[in-house]
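Beneath this line is the structure, given in structure tokens, with notes to follow.
The values are calculated or read from the model by the stated rules, or taken from the named source; none is laboratory data. All figures in this text were calculated on a predicted structure; none of them were measured in a lab. Note: ideal-geometry Cβ built from the backbone for every residue, glycine included; neighbour counts use all protein chains shown. With ligands, DNA and RNA removed, areas are computed over all heavy atoms of the protein, side chains included. Shrake-Rupley method; radii C 1.70, N 1.55, O 1.52, S 1.80 Å.
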Amino acid sequence: MVKPRLSEALALTLLMASACAAPATSLGPDEDPYLWLEEIDSERALAWVRERNEKTLRRLAHDPLYPSLEEDVRRILTARDRIPLPSLESGWVYNFWQDADHVRGLWRRTRPEEYARDEPAWETLLDLDALARRENENWVWQGASVLPGSDRALVFLSRGGKDARVVREFDLSRRAFVPEGFFLPEAKSRVAWLDADTLLVGTDFGPGSLTDSGYPRQVRRWRRGAPLADAELLFEGAPSDVSVSAYTSFRPEGRLAVLLRAPSFFQEECRLLEPDGTLLPVPFPSDIDFRGVFQGRLLGLLRRPWRVGDRNFPAGSLVALPAGAPPERAELLLAPDERTSLLGVSGSRSALYVSALENVRGRLYRLAPGPSGWSRAAVPLPDHGAVGVVSADDADDLLYLRYESFAVPSTLYVLESASREPRPIKRLPERFDARGVRVDQFEAVSADGTRVPYFVVGREGRGPRPTILHGYGGFEIPQTPAYLGTLGKAWLESGGLYVLANIRGGGEFGPRWHQAALRENRPRAFEDFLAVAEDLVRRGLTEPRRLGILGGSNGGLLVGACLTRRPDLFGAVVCQVPLLDMLRYPRLLAGRSWVAEYGDPDDPAMAAALRSYSPYHNVRPGVRYPPVLFITSTRDDRVHPGHARKMAALLEARGNGDVLYYENIEGGHGAAANLEQRARMLALQYLFFRRTLGG
């Protein structure tokens, strides 16, 4: 271990003492001088946004380095030799593709044997760029649902990248939308095929049909030709629920339809839909994570231990329950240990494939039922990276797998039968010079003694170096190794380090790792992140003035909280589409749906806990904060842009530091609606880090 020089350690100690001694924020319980910035489309608010955008672009986009940096990023994002990721359905390989000539994208398909070629011949189904021009709409692709064994699909289109979407029926054989076909206007709809002439629909049916979170609270059966308003009501949840939705499975064994009610973000009640409309409750635990259907069994991941008779199923396990059976017939398919987390479950015709993390390294297992029980075998794939199923087909044993790591580009494998090993068929070319780049995994010790793993990626070198520390820490979402294409080119090649922290709140080690940072325990995620930052400094890998932090959405909350807790520890912050006002978040857009994660500020005890770390309420007068770049989107209908707007305005007004702000007018929660906008977003943040950290 390399120790910092005495002068650096003394300076760091003095800075810490100064920051901790600063007085608390002057914002009172009901005081919010920037509430007007929550008015998304008001002229006053948009004028404020335009003024900040112009300032940021003058500073960054006019920098001499910016044109070449943006060109490098754009070239990688729009390269034609990217892997066209496959989606299998009824003997076809579907793909959505974007490049420099199709920045909005093409929806297309081909046969598996053709897809295996180096240059497949594609049948274009829908040209989104042409559609946007023809209809004068800023359409952004949000996916499609193909009815198995048919020529019909539902296409989901978003205006500007919002979560709310328009649903339109599409004829695959004619490559055109169906005149007078199924159509749902813009809403946060949940829809599933029941048969060629029937949909299970959750949408905005009018007053009282949405939850307090803005998602559907009804599921209706909608038959072709009938008015939407006349669709038969099958189930209705409570206004306080997060949502209700429908799921259908069209496997060779037969069709199964399941209605799902989510009372909170981490609870799910399942009901089987019988042909006559009867709903049969599924006796899973109330906090099951439903994962689909396989050979007549319903699948779920357990968030907590489940006792069934004299059997105990551990938290994090994959379980199966035959449709219509009592809980005593539940089967334990796979149970993780303390350092393992089960992530994804995919089914082929004859087997299940489960992706897992073992000490944050990817594994894939094949599970198959047999006369004497379930067999389990590891699928042979490279180590020290992320692995998983890209696509599988319920009606076939063909599936596609992917492997990648920080410095190794993605490789796509095909697995053609249970008896063969995966075969590589497509490789992504290298996007940056990885010679000399190494990946190390270390552990930091958090405030309560918990050991927190993290990865360090970069070329070998000596002395403190510019470093980007990235984290998330929420919603049971793990942070795993992924190929650093644009970041490798823009950051690693210039000598910088990239660090990925696997902090609590995420799903790296299963439900317990997530639950350790829920609600009043959220500060544990911040403590973990700060422990990683301090460990990097202790190891001599970086120093505070060269350490930048990056996070988006819940990760934006993470870096915002760490900014206000330890401004002395960082040299720059990029805060993307963040939550920052934790006393008002449930009142803004989809915020009510996250109360199970953060807690409800209407509860006085929780309000005190939220206020203790809410970044917007912990900006302290007299403290100099490191340079911050806020990035958000006007059209983000998930996390309100008011969070970033208000935080930037408060920091500006107090003169607390160097504040830059960029709000893309469109783009949804991803802050970019197409590849051109995404190239700009990435180039702005990479340049910001280069200039502030000395990369």
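Against the list (1) open to solvent by 20 Å² or more (accessible area, probe 1.4 Å); (2) more than 30 Å from Val146 (Cα to Cα), the condition Arg420 fails is (2).
If you go through segment 29-71 and pick out every residue that is within 15 Å of His643 (Cα to Cα), in contact with a helix residue (DSSP H, G or I) (Cβ under 7 Å, 6 or more places away or on another chain) and in a loop (DSSP other than H, G, I, E, B), you end up with 2. Residue count for segment 350-380 satisfying the condition of being touching a Lys or Arg at 6+ places or on another chain (Cβ under 8 Å), assigned to a loop (DSSP other than H, G, I, E, B) and either on the phi < 0 side of the Ramachandran plot or of a type in the set (Ser, Thr, Tyr) (or both): 2. The set of residues in segment 158-174 being open to solvent by 40 Å² or more (accessible area, probe 1.4 Å) and farther than 20 Å from Val140 by Cβ consists of Ser173, Arg174.
Residues in segment 412-465 that are in a loop (DSSP other than H, G, I, E, B), under 26 Å from Arg82 (Cα atoms), out of contact with any Ser or Thr (no Cβ under 6 Å at 6 or more places or on another chain) and among the aliphatic types (A, V, I, L, M): 1 in all.
Reported count of residues in segment 20-45, each being more than 27 Å from the chain's Cα centre (by Cα), surrounded by 14 or more Cβ atoms within 10 Å (Cβ to Cβ) and either modelled with pLDDT of 95 or more or charged (D, E, K, R) (or both), is 4. Note on segment 267-299: among residues that are open to solvent by 50 Å² or more (accessible area, probe 1.4 Å) and outside any loop (DSSP other than H, G, I, E, B), the one that is farthest from Arg221 (Cα to Cα) is Arg291.
From the list Glu493, Glu520, the lone residue that is among the acidic types (Asp, Glu), closer than 27 Å to Leu77 by Cβ and touching a residue at least 40 places away in the same chain (Cβ under 8 Å) is Glu493. Checking every residue in segment 74-84 against the condition of being closer than 20 Å to Glu676 by Cα, assigned to a helix (DSSP H, G or I) and of a type in the set (D, E, K, R) gives at least one match. When the residues of segment 175-194 are filtered to those that are crowded, with 18+ Cβ neighbours inside 10 Å and out of contact with any Asp or Glu (no Cβ under 7 Å at 6 or more places or on another chain), the one that is nearest to Gly292 (Cα to Cα) is Ala192. Filtered by the rule that a residue be part of a strand (DSSP E or B) and either open to solvent by 20 Å² or more (accessible area, probe 1.4 Å) or under 30 Å from Glu460 (Cβ atoms) (or both), segment 389-411 gives Val389, Val390, Ala392, Arg402, Tyr403, Glu404, Thr411. Open to solvent by less than 30 Å² (accessible area, probe 1.4 Å), part of a strand (DSSP E or B) and among the β-branched types (Val, Ile, Thr) - does that describe any residue in segment 473-494? No, segment 473-494 contains no residue that is open to solvent by less than 30 Å² (accessible area, probe 1.4 Å), part of a strand (DSSP E or B) and among the β-branched types (Val, Ile, Thr). Only helices (runs of 4 or more DSSP H) whose full extent lies in segment 589-695 are considered here, and the ones with at least 3 residues that are in contact with a Gly (Cβ under 9 Å, 6 or more places away or on another chain) and over 30 Å from Arg465 (Cβ atoms) are 604-613. When segment 242-260 is filtered for residues that are buried (at least 22 other Cβ atoms within 10 Å of the Cβ) and outside any strand (DSSP E or B), only Val242 remains. Of all residues in segment 212-234, those satisfying the criterion of being closer than 24 Å to Pro148 by Cβ and in a strand (DSSP E or B) are Pro216, Val219, Arg220, Arg221, Trp222, Arg223, Glu232, Leu234. Has segment 575-591 got any residue that is open to solvent by 10 Å² or more (accessible area, probe 1.4 Å), within 20 Å of Glu38 (Cβ to Cβ) and charged (D, E, K, R)? Scanning segment 575-591 turns up at least one residue that is open to solvent by 10 Å² or more (accessible area, probe 1.4 Å), within 20 Å of Glu38 (Cβ to Cβ) and charged (D, E, K, R).
Taking Pro252, is it without any contact (Cβ under 8 Å) to a residue 24 or more places away in the chain and not aliphatic (A, V, I, L, M)? So Pro252 does not fit the description; no.
Conditions tested, residue by residue: (1) hydroxyl-bearing (Ser, Thr, Tyr); (2) surrounded by fewer than 20 Cβ atoms within 10 Å (Cβ to Cβ).
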{"site": "Pro112", "(1), (2)": "no, yes"}
{"site": "Tyr115", "(1), (2)": "yes, no"}
{"site": "Trp122", "(1), (2)": "no, yes"}
{"site": "Leu126", "(1), (2)": "no, no"}
{"site": "Arg133", "(1), (2)": "no, yes"}
{"site": "Trp139", "(1), (2)": "no, no"}
{"site": "Gly143", "(1), (2)": "no, yes"}
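A single entry from Val532, Val537 fulfils the requirement of being in contact with a strand residue (DSSP E or B) (Cβ under 8 Å, 6 or more places away or on another chain), open to solvent by less than 10 Å² (accessible area, probe 1.4 Å), in contact (Cβ under 8 Å) with a residue 24 or more places away in the chain and among the β-branched types (Val, Ile, Thr): Val532.
On inspection, Leu342 qualifies as under 24 Å from the mean Cα position of the chain (by Cα) and more than 25 Å from Gly254 (Cβ to Cβ). Determine whether segment 529-546 contains at least one residue that is at pLDDT 95 or above, touching a Leu at 6+ places or on another chain (Cβ under 9 Å) and closer than 19 Å to Leu682 by Cα. No, segment 529-546 contains no residue that is at pLDDT 95 or above, touching a Leu at 6+ places or on another chain (Cβ under 9 Å) and closer than 19 Å to Leu682 by Cα.
Here is a list: Arg58, Arg104. Which entry is on the phi < 0 side of the Ramachandran plot and at pLDDT 95 or above?
Arg58
Here Tyr662, Tyr616 are screened, and the one residue that is surrounded by 21 or more Cβ atoms within 10 Å (Cβ to Cβ), among the hydroxyl-bearing types (Ser, Thr, Tyr) and out of contact with any Ser or Thr (no Cβ under 7 Å at 6 or more places or on another chain) is Tyr616.
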